[in-house]
Amino acid sequence: MAVVGLDHVQLAIPAGGEDRARSFYAGLLGMTEVPKPANLSPSGCWFTGGAVALHMGVDPDFRPAAKAHPAFLVDDLDALRARLEAAGCMVRDDKPVPGYTRFFTNDPFGNRIELMERL
């Protein structure tokens, strides 16, 4: 028996944060919102992008993930950086990782997000 893949990543958001999540993940990062199954909580929202599935779940005791983070592969990191900066998002470079260019940003809730492009 072994792990064979990753199904999804879940990040927490505060109550009422769905529209801000949509603006960031769909509007700025270009992900697509997908419907949640009807038998799950009506709060939160789900997104996909390429092979990535991202679930945003409402946490009544929300605290942003300051160290833990998803790392999303993108196809034009420079253009995404410019889009995020134009929207007022802070971007932070970090130590180089062989084979990638990358930077960090935060979603509207303070969750740490890494964005990477293969060289």
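The values are calculated or read from the model by the stated rules, or taken from the named source; none is laboratory data. These numbers come from a predicted model, not from an experiment. Please note: Cβ atoms are built from the backbone with ideal geometry, for glycine as well, and neighbour counts cover all protein chains shown.
The requirement of being surrounded by fewer than 16 Cβ atoms within 10 Å (Cβ to Cβ) and in a loop (DSSP other than H, G, I, E, B) is satisfied by G16. Of the residues that sit in the range 19-43 and are more than 11 Å from the chain's Cα centre (by Cα) and of a type in the set (S, T, Y), which one is surrounded by the fewest Cβ atoms within 10 Å (Cβ to Cβ)? Step by step, filter the range 19-43, then rank; the result is S41.
In the range 44-59, of all residues being at pLDDT 95 or above and not in a strand (DSSP E or B), the one that is surrounded by the fewest Cβ atoms within 10 Å (Cβ to Cβ) corresponds to D59. Of the numbered criteria (1) surrounded by fewer than 16 Cβ atoms within 10 Å (Cβ to Cβ); (2) out of contact with any Leu (no Cβ under 8 Å at 6 or more places or on another chain), the one A71 fails is (2). Scanning the range 1-24 for residues that are hydrophobic (A, V, I, L, M, F, W, C), over 13 Å from F47 (Cβ atoms) and either touching a residue at least 60 places away in the same chain (Cβ under 8 Å) or touching a Ser or Thr at 6+ places or on another chain (Cβ under 6 Å) (or both) gives a single hit, A12. Residue-level check: of (1) touching a residue at least 40 places away in the same chain (Cβ under 8 Å); (2) in contact with a helix residue (DSSP H, G or I) (Cβ under 9 Å, 6 or more places away or on another chain); (3) surrounded by fewer than 17 Cβ atoms within 10 Å (Cβ to Cβ), D76 misses just (2). Checking the range 90-102 against the condition returns no match, with no residue being crowded, with 16+ Cβ neighbours inside 10 Å, of a type outside the set (G, A, S), part of a loop (DSSP other than H, G, I, E, B) and in contact (Cβ under 8 Å) with a residue 24 or more places away in the chain.
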